[in-house]
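**Q** Pasting a structure here, questions to come.
Laboratory data are not the source of any read-out in this text; all were calculated from the coordinates shown. Keep in mind that this is a model prediction, so the values were computed, not measured. All Cβ positions, glycine included, derive from the backbone under ideal geometry; neighbour counts span all protein chains shown.
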There are 2 protein chains.
Amino acid sequence: MPSKCKIDPVALNQLQTLLAERVSSQTAILQQHGRSEAYHHPELPDLVVFPESTSEVQEIVKIASQYGIALIAFGAGTSLEGNASAPQGGICVDMTHMNKVLQINDADMDCRVQPGISRKTLNAQLNGTGLFFPIDPGADASIGGMSSTRASGTMAVRYGTMRENVLGLEVVLSDGRVIRTSRRAKKSAAGYDLTRLFVGSEGTLGILTEITLRLHPLPEAVSAAVCPFDALDDAVNCVIQTMQSGIPIARIEFLDAEMMRGINLFSKLGYPEKPTLFFEFHGSPAYVEEQAQRVQDIASEHNASAFQWATRPEDRSRLWHARDNTLYAGMALRPGARAMITDVCVPISNLSTCLLQTYQDIVASGLIVPIVGHVGDGNFHLLILVDPENQQEIARAQNLHDRMVERALSLDGTCTGEHGIGTGKIDFLKNELGDAVDVMRMIKSAMDPKNIMNPGKIFRL
Amino acid sequence: MPSKCKIDPVALNQLQTLLAERVSSQTAILQQHGRSEAYHHPELPDLVVFPESTSEVQEIVKIASQYGIALIAFGAGTSLEGNASAPQGGICVDMTHMNKVLQINDADMDCRVQPGISRKTLNAQLNGTGLFFPIDPGADASIGGMSSTRASGTMAVRYGTMRENVLGLEVVLSDGRVIRTSRRAKKSAAGYDLTRLFVGSEGTLGILTEITLRLHPLPEAVSAAVCPFDALDDAVNCVIQTMQSGIPIARIEFLDAEMMRGINLFSKLGYPEKPTLFFEFHGSPAYVEEQAQRVQDIASEHNASAFQWATRPEDRSRLWHARDNTLYAGMALRPGARAMITDVCVPISNLSTCLLQTYQDIVASGLIVPIVGHVGDGNFHLLILVDPENQQEIARAQNLHDRMVERALSLDGTCTGEHGIGTGKIDFLKNELGDAVDVMRMIKSAMDPKNIMNPGKIFRL
C-alpha cells in the first residue's frame, strides 16, 4: 500500500483484515474511480474497496464511521455530474462484485437484485421470463447507480423513472445499521416513503445493498419509426398532441438536425439532417398498429416530411442503437472535444419556447451543440462540445448552460431531469428549490451526522 | 369561547385577531373534527380554525410553534385510522375553506389546487378539458387528505396512487417557513424527493397548502363487466393472469360472496352472491373491445360462471356506485354495527394464500366480515362488523385483524395498502419495518423538533 494513502493506518488495517486483496490504492484503480463520463475534473478517492455482501458493506461503514472517513458508492461509472467522484478523498466502495439477481417473482412481476448489476445484464438474466426491466438511460449503468440518481431515459414516458420502478431497498445507514424500506407489496401507505427518499439521494444517506424492482411484461409486438420535420415547432407540437391523445407511446425521442448529422457520421447512416422524432410503440399487434396509425396521422397534421418504419427487430435495433449512442455520435462532430451535458426538463407546453431561445444562444456561442431529448417528458440534453484545454471556450459553454438553466427555471422546469445534482449543479438546485434545500440538509444531518456518506454532493453543509 | 378550552389564552387571542369568527371551540364543531369514519374512539381537538390562505396557515403555525400547541390538518374527515384525530388535543386546522382550483394546464396535463378541494369537486371543475383526476378511494375525500395518507383505491392498478400523481407541493413547515418541493416538470432528479416524503406523512412533517396533480386524458371509450366465480382461487388466478398479460386494465375489484350479499341488500340489486370480479377498461373503442375480449377469455379459462357487460354509462355508473358504497353496503349486513376496516396488501402471488387462511379465521371468529379488494394491487379490506358496545366482540375482531396483519407480513406484505398508519397501526408498522421506523423518527425530529405537527401518529416518539 503506497504511503501517500490518507486513510488512517488502523482503519486501513481493519479494512485489509476484512477484505484481504479486495482493497486497492493503486493509481490506475483510483483514477478509474475518480472520474466518470462527467466533464468535471476527476476527484480521486484514497482507497477503493470491493465488498461482496451486505455484511461486508456494514463492516466497511462501521470502520469509516469510527474514523470519520468519507464513503462513496460506485457502480458503472456512467454518471454525468460527478455524482461518484471523491472531492474530499476517502473510500470508494465499488459495488460491482455485488451483481447478482437474488430473486425473480414472475407472478408479481418483480425481482430483487444487488446494486452492482447493470441493466443490460439484468435484462439478459430475465430472458425467458416474459418480463423485462424497461428503464433505459442509454449507458449500461448499474441498477444501484440508476436508483441513486433517479435515472430515467427513453422509456420513462411509458414506464416511469426509477422513482416508479424501485419497489424497495435494503440500505446500510451511516451508523452501520441495515434497514429495509418496504415489503414487497405493490403499494403501501405504511409511514414515510423511505424508498423514494433514498432513490435520487445519490448515496448521501446510506449505501444501497439490495434493490427490489418492478418488472413489466415484454410487449407482444413492437414497432418503431423515424419521422423528420422541417420545423422544430411542428415536432414539439406533434409530441404534445400525442401525449394528450392518451396513446401510451413507449418512446418519443427528439434529435435536432446537428445531432442527426452526428448520428449519420458516427453510425454511417443516411437519415435526413432535420429535427427528427424517433417513436416506439408497444402492445398487442392490433393495438401497436392502431397507435402507430394515430401517431402517423398526428405527425402528418404537423407537417412531418416522412414516417419511416422499422418493424423488423434488426432495423429497430439499428435505430435505437444509433439513438443510444448519441453521446459518442455527438462527440464525433468534433473529434477530441469533451461534452458538457445539460439536463433541463420543462413542462411540455414550454418546450418550444425553451428550445427556440436556447438555439439563439447556441448560435451566439459559436459552439457545436447537438441536442437530444426525451421530449414526451419535456427533458432534453445539449451536448456542448468544448476543447478541454480551452478555458475561454469552457467559460462560453458554462455561460450557455447557466442561461439555459435560468430559462428552464423561469419556465417552471428543473435543472436536472435525470442526471442528478452531483457536484455540478449544487448552485442550480438552490435557485430551483430555495428553502426546500434546507429541508434536505436537515434530513442529511439527522441521518448522517458525521457527513461520511458521499459528502460534497447535492448541497453544501 | 368556553373556559375549558386548553389553548393558551394569549395564543387564542392571537388566533382570533388573525381569523376573527373563523375560530371555534363549539362542542359540535369539536366533535365533528375529532372523529372520522374510523372505528376508533373520537379524540377531540381544543379548537378548530378555518384558514383561507397559505399566509394564514403560516401565521397559525407560527403561533402554535411559539406556544407548543399541536396542529392537526383536517380535510373531509373520511380517513379510517384516526389519521386526523387529536389524541393530545390542540388546534385542528380545517382546510375546507382552501378549496380552489388555482391553475389547469391542459397541454401539460396537470393542475394546481388547494388541499381542501374534494376529488369529485375537482373532477367537476375539470369538465370540458378532456382531462380527469382518476384516483378514487371510494369516499369523496379531500385532495390534501388523499395526499397525506398516500391514498389510492379502485383506479390505482392503472393510474397509480397519490405517490405517482402528486407532482409537487407547497408546504408550511413546523417553523412557519413555506417551501415548494418541486417545479412543474414531469420528472426531476433535483435532490431528495421531498414531494414523495410529504405524500403519506399524514401531516406529521408540515401542512400542505397547495398540491400540483398529474391529470390524465379522459378515455375515449369505457366498458365495464361483472364476473362471478364459484371458487375464490379461480378469481385470484384470473387477476394474476390478467396483470401478467400486460392488459392495462383500469379497475379490477374483488368482492366476496358476503359483500355481494350486502350490495344486493343495500343497492337493491340481484347479482349472484359469489366471489366476483368487477372490471373496467379504458382506451380507444377498438382497444377497449380487444382488452375486454382478452380478459373474458382469461376469465373463461378460470371457470368464470358469466361475464355480464355494462357498456351504457348509466349501467356502469350503477355498477361502480354499488362498488363505491361497499362500506355502507357491508354495514347493511348488520344494522347498528360499526366496521373495523383492515387494509393489508400482499404480493399478488400470495393473495390466494392470504385470503384463504383469513377465511378460516373469519369462520372461527363467528363474525360477519364482508371483503372487498383492489386485487390487481394485492390489496383487500375486511369489514369486520362489530357491536361497538360489546367488548368481547371487539376483542375477537382485533384478534382477527392482528392475525391477518401478521399473516400479510409473513407473506411479504404491508399492514396498510392505502389507509395509512394513523393511531391504529403504530405497532403493526414497527413489526413491518423494524429499524426503518427509527429513520422516520429521525426525520420527524429534525423537521418538527417541538413535535407540534399531528403528534401521536405513525410512531411514538
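**Q** Any idea what Rg and Dmax come out to for the stretch B:101-217 if you just take the C-alpha atoms, in Å?
**A** 13.2, 41
**Q** Give me D for chain B in µm² s⁻¹, whole number, from Stokes-Einstein with Rh from the Kirkwood sum over alpha-carbon pairs, 25 °C and 0.890 mPa s.
**A** Details: Rh = 23.0 Å.
For these conditions, the coefficient is 107 µm²/s.
**Q** Using the structure shown, select from A:LYS187/B:LYS120; A:LYS430/B:LYS444; B:LYS6/B:LYS62; A:LYS62/B:LYS187; A:LYS6/B:LYS444 the pairs with a Cα to Cα distance greater than 26 angstrom.
**A** A:LYS62/B:LYS187; A:LYS6/B:LYS444
**Q** Per residue of A:193-202, how many C-beta atoms from partner chains lie within 10 Å of its own C-beta, taken as a mean?
**A** Working: counts 11, 8, 4, 9, 8, 3, 4, 7, 3, 3.
For peptide A:193-202, the averaged partner shielding equals 6.
**Q** To the nearest µm²/s, what D does Stokes-Einstein give for the protein assembly as shown at 37 °C and 0.692 mPa s, using the Kirkwood radius over alpha carbon pairs as Rh? Numbers along the way, then the final one.
**A** Details: Rh = 28.7 Å.
Answer from the Stokes-Einstein relation: 115 µm²/s.
**Q** Same structure again: Placing the label point 7 Å from Cα along the Cα-to-Cβ direction, what are the distances from A:ALA28 to the equivalent spots in the other copies, shortest first, in nm to one decimal?
**A** 8.4
**Q** Quantify how much of the Cα-Cα distance distribution of the stretch B:39-165 extends past 17 Å, in percent. Could the numbers behind the result be given before it?
**A** Values: 4904 of 8001 pairs.
For the stretch B:39-165, the fraction of Cα-Cα distances above 17 Å is 61 percent.
**Q** Which order do the peptides A:155-165, A:300-310 take when ranked by the mean count of other beta-carbon atoms within 10 Å per residue, highest first?
**A** Values: A:155-165: 23.4, A:300-310: 15.8.
Ranked from most to least packed, the peptides come out as A:155-165, A:300-310.
**Q** Pull up the cross-link candidates among the aspartates and glutamates for B:LYS425, meaning alpha carbon to alpha carbon under 19 Å and not fewer than 8 places away within one chain.
**A** Candidates past the 8-residue exclusion: A:ASP193, B:GLU37, B:GLU43, B:GLU81, B:GLU202, B:ASP343, B:ASP402, B:GLU406, B:ASP412, B:ASP435, B:ASP438.
**Q** From zero outward in steps of 10 Å, how is the percent of C-alpha pairs of the stretch B:317-461 spread across the bins?
**A** 11, 35, 33, 17, 4
**Q** So, one more: Express the Stokes-Einstein translational diffusion coefficient of the stretch B:409-455 in µm² s⁻¹, to the nearest whole number, given a Kirkwood radius over alpha-carbon pairs, 4 °C and a viscosity of 1.567 mPa s.
**A** Details: Rh = 11.9 Å.
Answer from the Stokes-Einstein relation: 109 µm²/s.
**Q** From Cα pairs below 8 angstrom and at least 6 apart in sequence, can you work out the relative contact order of chain B, rounded to a whole percent?
**A** On the way: 973 pairs, mean separation 71.0, N = 461.
15 percent.
**Q** Compute the label-point distances linking B:GLN103 to its equivalents in the other copies; points lie 7 Å from Cα along Cα→Cβ; give nm, one decimal, shortest first.
**A** For B:GLN103, the inter-copy label distances come out at 4.3 nm.
**Q** Over all alpha-carbon pairs in the stretch B:387-436, figure out the percentage whose distance exceeds 15 Å.
**A** Values: 629 of 1225 pairs.
Roughly 51 percent, rounded to a whole number.
**Q** Using only Cα atoms, locate the centre of the stretch B:147-192 and the centre of the stretch A:57-91, then give the distance between them in Å, rounded to an integer.
**A** 30 Å
**Q** Looking at the stretch B:338-406 from every direction and averaging, what is the projected area of its Cα convex hull in nm²?
**A** Numbers: hull surface 16.4 nm².
Computing the convex hull of the Cα atoms and averaging its projections yields 4.1 nm².
**Q** Over the whole of B:412-419, what's the average partner chain Cβ count within 10 Å per residue? Rounded to a whole number, please. Working shown, then result.
**A** On the way: counts 8, 5, 10, 5, 6, 6, 3, 2.
Partner Cβ neighbours, averaged per residue: 6.
**Q** Now a separate question. Considering the dipole of the stretch A:308-350 built from charges on the beta carbon (Lys and Arg +1, Asp and Glu -1) around the Cα centre, which of A:ILE348, A:PRO313, A:PRO335 is farthest to its positive end?
**A** A:PRO335
**Q** Can you run phi through the Karplus equation (6.51, -1.76, 1.60; θ = phi - 60°) for the stretch A:441-458 and list ³J(HN,Hα) in whole Hz, with x for Gly and Pro?
**A** Couplings: 4, 4, 5, 4, 5, 5, 8, 9, x, 8, 6, 9, 8, 6, x, x, 10, 6 Hz.
**Q** Along Cα-to-Cβ, 7 Å out, sits the label point; list in nm, shortest first, how far the one on A:GLN88 is from those in the other copies.
**A** 3.3
**Q** Let me ask something else about it. Could you work out the mean projected area of the convex hull around the alpha carbons of the stretch B:9-94, in square nanometres to one decimal? Could you put the intermediate results ahead of the total?
**A** On the way: hull surface 20.9 nm².
The Cα convex hull of the stretch B:9-94, projected and averaged over all directions, gives 5.2 nm².
**Q** May I ask you to order B:393-402, A:231-240 by the average number of other C-beta atoms within 10 Å around their residues, highest value first?
**A** A:231-240, B:393-402
**Q** Out of every Cα pair in the stretch A:221-328, what percent are spaced more than 21 Å from each other? Mind showing how you got there, number by number?
**A** Details: 1752 of 5778 pairs.
Looking at the stretch A:221-328, the distances longer than 21 Å represent 30 percent of pairs.
**Q** Return the whole-Å distance between the Cα centroid of the stretch A:257-299 and the Cα centroid of the stretch B:389-450.
**A** 50 Å
**Q** Per DSSP H run of n ≥ 4, the term is -39500 (n - 2.57); total these for chain A, divide by its residue number, and report the mean residue ellipticity at 222 nm rounded to 500 deg cm²/dmol.
**A** On the way: 17 runs with 175 residues, N = 461.
When only DSSP H runs of four or more count, the value is -11500 deg cm²/dmol.
**Q** Place a point 7 Å from the Cα of B:GLN360 along the Cα-to-Cβ direction; which residues of the stretch B:406-425 have their backbone N under 14 Å from it?
**A** B:407-408
**Q** Oh, and also: Only loop residues by DSSP count here, and only those with at most 13 other Cβ atoms within 10 Å; note down the trypsin sites (Lys or Arg not before Pro) in the stretch A:179-285 that meet that.
**A** Working: sites: A:ARG180, A:ARG183, A:ARG184, A:LYS186, A:LYS187, A:ARG196, A:ARG214, A:ARG251, A:ARG261, A:LYS268; in loops: A:ARG183, A:ARG184, A:LYS186, A:LYS187, A:LYS268.
Sites meeting the loop and neighbour criteria: A:LYS268.
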